[in-house]
Amino acid sequence: MNRKAKPPAAENFEAALAELEKIVRRMEEQEQPLEDSLRDFQRGMELSRQCHQHLKKAEQRVQMLMEKHGLTEAVPFDPDREKDRE
């Protein structure tokens with residue numbers, strides 16, 4: 001079987017997000033062949049997964065730092081609650 005090489009993982013969150021945004025723009029702005037659309041969709045899903053993993057690791061690091069310094073437990077962000085404070 002002749003399989004294409006899997007695209008490399010993005011170096012960091014910013015690189016993954018930038019590539020994902022580029023793919024989204026291309027898919028929204030251009031008519032492209034079905035195969036190209038499917039390839040972009042697949043790569044976009046991979047990048048989305050990578051972004052999620054980067055964010056999860058960052059969240060874990062923040063939690064560890066908070067615990068190390070004896071800070072209180074992190075509270076999930078609630079945008080509705082923030083609106084009430086304004």
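The values are calculated or read from the model by the stated rules, or taken from the named source; none is laboratory data. What you see is a predicted model, and the numbers here were worked out from it, not measured in a lab. When we count neighbours, we look across all protein chains shown, and the Cβ atoms used for this are built from the backbone with ideal geometry, even at glycine.
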task: Please name all residue pairs, on different chains or six or more residues apart, with Cβ atoms under 6 Å, provided the first residue is in segment 26-43 and is farther than 14 Å from PRO7 by Cβ and the second residue is acidic (Asp, Glu).
output: MET27/ASP40
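Take the conditions charged (D, E, K, R) and either assigned to a helix (DSSP H, G or I) or surrounded by 14 or more Cβ atoms within 10 Å (Cβ to Cβ) (or both) and apply them to GLU11. Does it pass?
Details: charged (D, E, K, R): yes; either assigned to a helix (DSSP H, G or I) or surrounded by 14 or more Cβ atoms within 10 Å (Cβ to Cβ) (or both): no.
So GLU11 does not fit the description; no.
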message: On the basis of being modelled with pLDDT under 95, of a type in the set (A, V, I, L, M, F, W, C) and either surrounded by 13 or more Cβ atoms within 10 Å (Cβ to Cβ) or under 24 Å from LEU55 (Cβ atoms) (or both), does ALA18 make the cut?
response: no
